[in-house]
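Have a look at the structure below before the remarks.
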Amino acid sequence: MNCDITMLTLYWSGELSEQEALQIEEHLAECATCRQELAELRAMDEMVTGTPQRTAPCDFVSMASCHVTKGRPSVLQFICKPAVAYPAVGAIAMAAAVLIVIMGPWFNKPPAITVASSHATRQTAMALYTKVSNANRYATAQRASSSRTNFRARTGYLTKRIQLAKRRSFSRSKTYRIER
Amino acid sequence: MQADKHLIRQAQGGDKQAAETLFRRYQDNIFGFLLRMTGNRDVAADATQETFVRSFKGLSGYKEQNVFKSWLFRIARNEGLRGLKKRTRMDASGGGEAMTELMADSSPGPGEIYEQRQMSAVLEDALKALTNEERQVVHLRLKEDIPFREIAKIMDCPLNTAISRMHVAKKKLTCLMVRED
């Protein structure tokens, strides 16, 4: 068997099957290089294993457990907490407020199509209003004329008609006479 | 003491206490591994807490055919790498200390000083001289007694790569220790 550093390391690590371990042991009996390699691995193992185990400075598990259990706050908790507790939400709210203040006039301005349609509507309304007011005025005038009779004017008018009729009858008779 | 499997089943059934007991068994191991990996106490502490937060959330999706310890160390390794990246980014933006300086524990507590006095300073220096990947393999195999096949899964690399990292680390440590002697 040739030197196989992977198999030798796995042998030292105790990760080989019995049969594989036997093969390595046979090889070790013959190979001084591999024996040296194995001795170095064991020495390093002793050296590093001897260093003391570090202890955690605090109970990370409890802290993590609290962190996980806390999860997302309820709506009531969210409202009750001061705004400082949610810097991201606060920043978004602030940005939205500034945007609304800056863009306020733009939001008030109606779009062009609305302007056109409202202009047309206004014109139609004006035309209708004029028509209605004219009709009203006419109706009022009619009503006024029908309700109040100017007798003097009426008399004058009738006198004129009578005179005209007399003149016509006179001229007719005259003509008649001539014809006769 | 209840077996891990029993606790896992209870925890997956919604028993919070069982989950806490289970994770607390590995708390020191995870912190020790992350401290070795990151070389910084603060980064290791943050990564440890994040590891357990993710473990709590992901425990329902854990399948029994995987080794629990390996599953946990895999999460821890990912969190450690994330913590290191974050730290490097912060240093790059702030122009702070170099990575090599970071690897030296910057703020040791009283217990830490006591430990450092006890352990071989030479070995600690030698371990710091290894690459991050080599240090992880050495720690997982020698301190946590995790087999190479599981280490390969945790580190998401082929078995031969994990073994060769171990040998490179061994050579480096031997050289450094001999030089110090």
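Filtered by the rule that a residue be touching a residue at least 24 places away in the same chain (Cβ under 8 Å) and more than 8 Å from every other protein chain (Cβ to nearest Cβ), segment B:140-150 gives B:Leu140, B:Glu144, B:Ile146, B:Glu150. The C-beta contact set for segment A:2-15 (first residue more than 9 Å from chain B (Cβ to nearest Cβ), second residue loosely packed, with under 15 Cβ neighbours inside 10 Å and modelled with pLDDT under 90, distance under 8 angstrom, 6+ apart or interchain) comprises A:Trp12/A:Arg42. Does segment B:61-70 contain at least one residue that is closer than 25 Å to B:Ala126 by Cβ, touching a residue at least 40 places away in the same chain (Cβ under 8 Å) and out of contact with any Cys (no Cβ under 6 Å at 6 or more places or on another chain)? No: zero hits. Counting only residues that are of a type in the set (A, V, I, L, M, F, W, C), assigned to a helix (DSSP H, G or I) and closer than 13 Å to B:Met37 by Cβ, segment B:130-150 holds 3 of them. Among the residues making up segment B:1-49, those that are more than 30 Å from B:Asp125 (Cβ to Cβ) and of a type in the set (A, V, I, L, M) are B:Met1, B:Ala3, B:Leu7, B:Ile8, B:Ala11, B:Ala18, B:Ala19, B:Leu22. Looking across segment B:30-61 at every residue that is of a type in the set (Phe, Trp, Tyr) and more than 20 Å from B:Pro147 (Cα to Cα), the one that is surrounded by the most Cβ atoms within 10 Å (Cβ to Cβ) is identified as B:Phe52.
The values are calculated or read from the model by the stated rules, or taken from the named source; none is laboratory data. The structure presented is a predicted model; accordingly, all values stated were derived computationally and were not measured. Every residue, glycine among them, receives a Cβ derived from its backbone with ideal geometry; neighbour counts consider all protein chains shown.
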